[in-house]
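Student: Got a structure for you, questions after.
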Amino acid sequence: MRSPRSFASLLVLAALGSACGATTPPPEPAPSPVILTDTPTAPPAPVAAAEEPPAPEPEPAPPPAPEPRNPAEILAPSPWLAGPTSPDAFTLEGGRLLVKEPIEFDTGKDSLKATSGPALDFVAAFLQAKPEITLFRIEGHSDSQGNATMNLELSGRRALSLARALAARGVDCKRLLPVGFGEVKPIADNRTAEGRKQNRRMEFVVAALKGRAVMGMPVDGGGRASGDPCF
């Protein structure tokens, strides 16, 4: 049992504590709870790379240079290279094409002179304008001077030379039939210089249309075929 003195001491101490304002410190606030989630954070969208421009297309190679032509085939130019200029540009008589431009050869040879260029262009333009002509006869004729056999041979070689010159101008060689007649079909007097000049001639005749011989006549016209213009 406490003594009255001890009890008094306790009262004094309690009074002193209350006077000094002693208080109990407040408890510290609890930390905020951490909330976990199963949803992953989406990664940032990738930045699209700039599209590269397409590579430029290579320029086409230039066309090859044309091969040089045989000097023997280079003849004088003619307006007929562009083809016919009107429907009545050509005239036929008895199936023969009238050619006003001269056709000339070196004397005693089958080599064409450059002056024959316009006539060749004219005939080529005619054949290009008339595709229905499937066979075109080229006739060589001569005067009566010299040996008849040699004249026949020379007239045939000249017809073949003409056919090959036309083929070089783009005419289908299979449409061409060169033949020689020699001196057997004169059109003038061989006793005169002018007559012999007229007899030394080349003629162009329609031999077949759409694969059929004209009037059922022989396509060679009675002349001697002088060779294949395709070779």
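The values are calculated or read from the model by the stated rules, or taken from the named source; none is laboratory data. Since the model is a prediction, treat every value here as computed from it, not as a measurement. As a convention, Cβ positions derive from the backbone with ideal geometry for all residues, glycine included, and neighbour counts pool all protein chains shown. In case anyone asks, the SASA skips ligands and DNA or RNA and just uses the protein heavy atoms, side chains included. Shrake-Rupley method; radii C 1.70, N 1.55, O 1.52, S 1.80 Å.
Student: Select, from R158, R164, the only residue that is touching a strand residue (DSSP E or B) at 6+ places or on another chain (Cβ under 9 Å) and within 22 Å of K100 (Cβ to Cβ). Working first, answer last.
Tutor: Working: R164 fails: within 22 Å of K100 (Cβ to Cβ).
Going through R158, R164 in turn, just one is touching a strand residue (DSSP E or B) at 6+ places or on another chain (Cβ under 9 Å) and within 22 Å of K100 (Cβ to Cβ): R158.
Student: With the structure loaded, tell me whether D106 is at negative phi, open to solvent by less than 50 Å² (accessible area, probe 1.4 Å) and of a type in the set (D, E, K, R) or whether it fails that test.
Tutor: Working: at negative phi: yes; open to solvent by less than 50 Å² (accessible area, probe 1.4 Å): no; of a type in the set (D, E, K, R): yes.
It is false that D106 is at negative phi, open to solvent by less than 50 Å² (accessible area, probe 1.4 Å) and of a type in the set (D, E, K, R).
Student: For the structure I just gave you, tell me whether A188 is modelled with pLDDT of 95 or more, surrounded by 14 or more Cβ atoms within 10 Å (Cβ to Cβ), part of a strand (DSSP E or B) and of a type in the set (G, A, S).
Tutor: Details: modelled with pLDDT of 95 or more: yes; surrounded by 14 or more Cβ atoms within 10 Å (Cβ to Cβ): yes; part of a strand (DSSP E or B): no; of a type in the set (G, A, S): yes.
Criteria not met by A188.
Student: Something else: Within the set of pairs 6 or more residues apart or between chains, which connect a residue that is aromatic (F, W, Y) inside region 91-118 to a residue that is open to solvent by 70 Å² or more (accessible area, probe 1.4 Å) with Cβ atoms less than 7 Å apart?
Tutor: F105/K113
Quick grid of which residues meet (1) in a strand (DSSP E or B); (2) open to solvent by 10 Å² or more (accessible area, probe 1.4 Å):
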{"position": "P118", "(1), (2)": "no, yes"}
{"position": "V123", "(1), (2)": "no, no"}
{"position": "G140", "(1), (2)": "yes, no"}
{"position": "Q145", "(1), (2)": "no, yes"}
{"position": "N151", "(1), (2)": "no, yes"}
{"position": "L160", "(1), (2)": "no, yes"}
{"position": "A165", "(1), (2)": "no, yes"}
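Student: Could you please tell me which pairs satisfy a Cβ distance under 8 Å, a separation of 6+ or placement on different chains, a first residue in region 158-185 that is within 17 Å of E104 (Cα to Cα) and among the basic types (K, R), and a second residue that is open to solvent by 20 Å² or more (accessible area, probe 1.4 Å) and assigned to a helix (DSSP H, G or I)?
Tutor: Matching pairs, first to second residue: R164/C173.
Student: Can you tell which of G222, G216 is of a type in the set (G, A, S), loosely packed, with under 15 Cβ neighbours inside 10 Å and modelled with pLDDT under 95? Spell out the reasoning first.
Tutor: Numbers: G222 fails: modelled with pLDDT under 95.
Within the list G222, G216, the selection yields G216.
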